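Peer 1: Okay, handing you the structure first.
The values are calculated or read from the model by the stated rules, or taken from the named source; none is laboratory data. Worth saying up front: this structure is predicted, and the values here are computed from it rather than measured. Here the Cβ positions follow ideal geometry from the backbone for every residue, glycine too, while neighbour counts run over all protein chains shown. Surface accessibility is based on the protein's heavy atoms, side chains included, excluding ligands, DNA and RNA. Shrake-Rupley method; radii C 1.70, N 1.55, O 1.52, S 1.80 Å.
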Amino acid sequence: MIPKKTIWNLRKQDTNSMLDLAEYPLPDPIKTLLSNRGLTRKEDIDKFLNPKISDFYDPYLLKDMEIAVDRIQKSIKEQEKICIYGDYDVDGITSTSTLYLFLKHEMGADVQYYIPDRLEEGYGINKEALKSLAERDIKLVITVDTGITACDEVIYGKTLGLDMIITDHHECQEQIPDAIAVIDPKRKDCSYPFDMLAGVGVTFKLIHALALKNSHIKLDCIWKYLDIVAVGTVADIVPLIDENRIITYQAFRNIPNTWNVGLKALLKVSGFKEDSKMTAGFIGFRIGPRLNASGRMGDAKRGVELFTTESEETAIEIAEDLDRENVNRQEVEQTIYNEAVELIEKQANLDEEKILVVASHNWHHGVIGIVASKITERYYRPSILLCIEDGVATGSARSVEGFSIFNALQASKDLMNKFGGHEMAAGLSINEDKIQVLKEQLNTYASGTMNEDTLIPKLKADMALELETIDLNLIEMIGQLEPYGMGNPEPQFMVKGHIQDLKVIGQNQSHLKMNLKSTYKTVEGIGFNLAYFNSYFNKDHFIEVLCSLSINEWNGMKKPQMMIKDLRYEGIAVNHLKEYLSHYSKIKDEGYNKLKELFFTNEIEEQLNHRSFETFYRQLRHFEKLQRTYVSLFQLIDDGQISVIKCLRILVMLDVFKELEIVEYELDLPYFSFQLIKDKKVKLSDSLLFESVKEA
Ligand SMILES: [Mn+2]
């Protein structure tokens, strides 16, 4: 593997906003991290570093909350049947469970729930379902995580004698449903201070409001529901700031010992270790997919049953079901992924095709979105996966930062039956015979609109950090920014140092371990799946890593550890080399005599002679045998003492070989790729370049 090209974006520090923090007793790096997250006022920082339950806003600041609470209380007093209308995704499942548990156990309501079938009914409220609820003698329907656009359905519900309360967090359209109450922080006429709650966050506000109104309910009973609220909040990918930060901060401390038997069982089958920390990553990658599996198999009710059962046995049974279904889903996904990769490797010209479009008759519609994400990640370019059925293809598109796949599709909208989505993800339907044209048009569009570096992966760094400043104390303070997730990413740093003890570790020898050393300090680093860098760096090389920081605890000893995401030769050295190279090319153009001057004025310790060429050629042959025809100039310097003039010496030798037609090479500083051209006997003295630079 050759080092992937990446662009490191170092965040520009807003020095003005930093002035406000001058008096604040925190180390500078922490101030920078906070300011990067828009936190420069003392009270905001205090709130951020200590998220407290008492910082939750008054739920009655949400428009229509009062009306909703009154209507629900009336239902309970009159023993009316209430139905919660939810959704089949994780947000919907946790919303439904939270409200159901609260109404049933804390308020003694006569409550049931309804989740539409993902495959049969699709997203949102439908009239058929409302009709069946009315037939079951339901009087009040409370929607969670859905309903903000259900204007017609609400009117229809009325004709059936259904009162409806809408709670949702999705964007509102022109018209708000004419329901008893419509609670949505995104309503234009709602002055609630935070509009990025998940559906389950809005549901939590409702139970908070109910608890405040009912003197017989102890307010403290609602906080335990945060365990479930946090799961939906993380899974719905809302930013973990403000109230979402309070929710996750509080819940993550309690979840490892959660009271909810369903969540407990789910943690168990997901492989959660009891003494470990809960993270947004664990919920997003382990818990979420298992809950979603229930919706995918068309039975999201299983998810609600899991959270609402009181029987440990039932909980384990459902959790294991979901786990099995998740394994099935992963297998289907893996098969499609493998087939898609095979098609791309066979059909696509990766130098030309900026947008990948692949289609098949065999694929399952439910998972191609996830596979498209993985394809886009693997090839780092927009991708569209289509499954064809009866001449019509439905597909999922995913994009990379800086390229709107929605705009791209918009430009070819005449070809499609329908499409929709946004910048990073979209869905579409198109007739099979037009797929090829779409692919061509999209690629024409892309070559006209993409920047040179759109298809180079970007990594973000919060700041550059001196190796000397990395210690346990700093890392512990950084930890106060947890929980990380959407809207509050884990801080990333750029750190420079000399490589020490570089080695490959792990069962599959796929990880890289090293120490970075500066004059006064050495810090350990580990890079998962970065073992291939071992072929490009040597001991003592001065490099730069992009990393997060963690504490490595082993045998009761705590040590700082860099979690390395990427590494590269130190930028200044590379830029210096590039400058020199352009100088060298200019001199070559002006004739070889000048070159001699350059070499002799720069006092190369070792002159170029027959021996140096022989040694170098042998080195290249050795690399070729190892199938390593992509190497860095720096690693060809035996003594590790990198200097520009030594690199130049290598370039001259490469140019001599090129002139003699025994080597082809291409520069990609500080790397070059080469090819040896076999079976040719040559004399160095046949090279004009050699004659001009050889030892006097
Ligand atoms: Mn939602």
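Peer 1: So how strong a dipole does region 32-95 carry about its Cα centre when Lys and Arg Cβ are +1 and Asp and Glu Cβ are -1, to the nearest 20 debye?
Peer 2: The dipole of region 32-95 has a size of about 200 debye.
Peer 1: What dipole magnitude, in Debye to the nearest 20, does region 156-235 give about its Cα centre under +1 on Lys/Arg Cβ and -1 on Asp/Glu Cβ?
Peer 2: Using only the charged Cβ atoms, the result is roughly 280 debye.
Peer 1: Which one of ILE183, ILE255, ASN552 has its Cα pushed farthest toward the positive end of the charge dipole of the chain, where Lys and Arg give +1 and Asp and Glu give -1 at the Cβ?
Peer 2: It is ASN552, whose Cα lies furthest towards the positive end.
Peer 1: Here is a follow-up. Trypsin sites (Lys or Arg not before Pro) within region 15-69: which are DSSP loop residues with at most 11 other Cβ atoms inside 10 Å?
Peer 2: Working: sites: LYS31, ARG37, ARG41, LYS42, LYS47, LYS52, LYS63; in loops: ARG37, ARG41, LYS52, LYS63.
When the trypsin sites (Lys or Arg not before Pro) of region 15-69 are filtered for loop state and at most 11 Cβ neighbours within 10 Å, LYS52 remain.
Peer 1: Now for a separate question. In the full protein assembly as shown, how much of CYS647 is accessible to a 1.4 Å probe, in Å² to the nearest 10?
Peer 2: 0
Peer 1: Hey, got the dipole for the chain? About the Cα centre, +1 on K and R Cβ, -1 on D and E Cβ, debye to the nearest 20? All intermediate terms of the calculation are to be shown ahead of the outcome.
Peer 2: Working: 82 positive and 107 negative charges, 284 e Å.
Value, rounded to 20: 1360 debye.
Peer 1: Please report the spacing between the Cα centers of region 13-75 and region 147-169 in Å, no decimals.
Peer 2: Cα centroid to Cα centroid, the span is 34 Å.
Peer 1: Could I ask something else about it? Quick one: accessible area per residue over the chain, 1.4 Å probe, rounded to a whole number of Å²? Write out the running numbers ahead of the final one.
Peer 2: On the way: 33630 Å² over 696 residues.
Dividing the accessible area of the chain by its residue count gives 48 Å².
Peer 1: Determine the order of TRP259, TRP363 by accessible area, beginning with the largest, at a probe radius of 1.4 Å. Walk me through the numbers on the way to the answer.
Peer 2: Working: TRP259 100, TRP363 20 Å².
Result of the area sort, largest leading: TRP259, TRP363.
Peer 1: Further question on the same structure: Using the basic label-point model (7 angstrom from Cα toward the beta carbon), what is the LYS680 to SER311 distance in nanometres?
Peer 2: That separation, rounded to one decimal, is 8.0 nm.
Peer 1: Say the dipole of the chain comes from +1 at the beta carbon of Lys and Arg and -1 at that of Asp and Glu; which of VAL504, ILE217, THR32 then lies farthest toward its positive end?
Peer 2: VAL504
Peer 1: With the crude spin-label approximation of a point 7 Å out along Cα→Cβ, what separation in nm comes out for ASP28 versus SER643?
Peer 2: Here the answer is 3.3 nm between the modelled labels.
Peer 1: Determine how large the accessible area of SER673 is when every protein chain is in place; take a 1.4 Å probe and give Å² rounded to the nearest 10.
Peer 2: The accessible area of SER673 comes to roughly 40 Å².
Peer 1: Using a ≥ b ≥ c from the Cα gyration tensor of region 1-133 (square roots of the eigenvalues), is it rounded, prolate or oblate, where a/c under 1.5 gives rounded and otherwise the larger of a/b and b/c decides, a/b for prolate?
Peer 2: oblate
Peer 1: Could you pull out every one of the aspartates and glutamates with an alpha carbon less than 20 Å from that of LYS158, ignoring same-chain neighbours closer than 8 positions?
Peer 2: ASP64, ASP70, GLU78, GLU80, GLU128, GLU135, ASP137, ASP168, ASP178
Peer 1: Now, a different point. Only helical DSSP H runs with n ≥ 4 go in: add -39500 (n - 2.57) per run for the chain, normalise by residue count and round the 222 nm mean residue ellipticity to 500 deg cm²/dmol.
Peer 2: It comes out at -12000 deg cm²/dmol, rounded to the nearest 500.
Peer 1: Compute the FRET efficiency between GLU664 and SER404 as 1/(1 + (r/R0)^6), taking r as their Cβ-Cβ distance and R0 = 51 Å, and round to the nearest 0.05.
Peer 2: About 0.80, to the nearest 0.05.
Peer 1: Ok, one more. Decide, for region 377-420, between rounded, prolate and oblate: order the square roots of the alpha carbon gyration tensor eigenvalues as a ≥ b ≥ c, take rounded if a/c falls under 1.5, and otherwise choose prolate if a/b is larger than b/c, else oblate.
Peer 2: Note, shape of region 377-420 comes out oblate.
Peer 1: Return one quarter of the surface area of the convex hull spanned by the alpha-carbon atoms of region 466-588, equal to its mean projected area, in nm².
Peer 2: One quarter of the hull surface, i.e. the mean projection, equals 10.5 nm².
Peer 1: Name the residue from THR454, PHE533, VAL682 whose Cα lies farthest towards the positive end of the charge dipole of the chain, charges +1 on Cβ of Lys and Arg and -1 on Cβ of Asp and Glu.
Peer 2: Most positive-ward Cα: VAL682.
Peer 1: Taking all protein chains together and a probe of 1.4 Å, list ASP655, ASP242 from the most accessible to the least accessible.
Peer 2: The residues order as ASP242, ASP655, largest area first.
Peer 1: Loop only by DSSP, 15 or fewer other Cβ within 10 Å of the Cβ. Give me the GluC sites (Glu not before Pro) in region 19-72 that pass, ordered by residue number.
Peer 2: Loop-located and lightly packed - GLU23.
Peer 1: List, in order, the whole-Hz ³J(HN,Hα) value for each residue of region 154-168 obtained from phi through the Karplus relation with A = 6.51, B = -1.76, C = 1.60 and θ = phi - 60°; use x for Gly and Pro.
Peer 2: Values per residue, Gly and Pro as x: 5, 4, 4, x, 4, 5, 8, x, 9, 8, 10, 10, 9, 10, 7 Hz.
Peer 1: Run the simple label-point estimate for GLN480 and LYS625 please: 7 Å along Cα→C-beta, distance reported in nm.
Peer 2: 5.8
Peer 1: Please list 3J(HN,Hα) in residue order for region 394-409, calculated via the Karplus relation 6.51 cos²θ - 1.76 cosθ + 1.60 where θ = phi - 60°; whole Hz, with x for glycine and proline.
Peer 2: My calculation for region 394-409 gives 10, x, 10, 10, 10, 10, 10, 4, x, 9, 8, 5, 5, 4, 4, 5 Hz in order.
Peer 1: Which percent of the accessible area of region 256-344 is formed by carbon and sulfur heavy atoms (probe 1.4 angstrom)? Write out the running numbers ahead of the final one.
Peer 2: On the way: 1980 of 4340 Å².
Ligands and nucleic acids excluded, carbon and sulfur give 45 percent.
Peer 1: Okay, moving on. For region 13-168, give the percent of accessible area contributed by carbon and sulfur heavy atoms, probe 1.4 Å, rounded to a whole number.
Peer 2: 47
Peer 1: Rounded, prolate or oblate: which fits region 622-696 when a ≥ b ≥ c are the square roots of the eigenvalues of the alpha-carbon gyration tensor, with rounded for a/c under 1.5 and prolate only if a/b beats b/c?
Peer 2: Numbers: a/c = 2.01, a/b = 1.15, b/c = 1.76.
Note, shape of region 622-696 comes out oblate.
Peer 1: Not counting ligands, DNA or RNA, and with a 1.4 Å probe, what is MET486's accessible surface area in Å² rounded to the nearest 10?
Peer 2: For MET486, solvent-accessible area is about 100 Å².
Peer 1: In this model, which of LYS346/LYS413; LYS458/LYS646; LYS104/LYS268; LYS496/LYS517 are farther than 20 Å apart at the alpha-carbon?
Peer 2: Long pairs (Cα-Cα over 20 Å): LYS346/LYS413; LYS458/LYS646; LYS104/LYS268.
Peer 1: Could you work out Rg/(2.2 N^0.38 Å) for the chain, with Rg from alpha carbons only?
Peer 2: For the chain, the normalised Cα radius of gyration is 1.17.
Peer 1: Follow-up question, since we're still on this one. Over the C-alpha atoms of region 302-461, what are the Rg and the largest Cα-to-Cα span, Dmax, in Å?
Peer 2: Expressed in Å, the Cα Rg and Dmax of region 302-461 come to 18.4, 60.
Peer 1: Shifting gears a bit: Any chance you could check the Cα centroid distance between region 608-670 and region 396-415 for me, in angstrom?
Peer 2: 44
Peer 1: Enumerate the residues in region 489-514 having an amide nitrogen under 17 Å from the point lying 7 Å beyond the Cα of VAL341 toward its Cβ.
Peer 2: Counting only backbone N, you get 508, 510.
Peer 1: Separate question: Just to verify a number: FRET efficiency for TRP8 and SER429, C-beta to C-beta distance, R0 = 35 Å, to 0.05?
Peer 2: 0.35
Peer 1: Would you list which lysines come within 17 Å of LYS586, measuring only between C-alpha atoms, while excluding same-chain residues fewer than 8 positions from it?
Peer 2: Hits, sequence-local ones excluded: LYS578, LYS594, LYS596.
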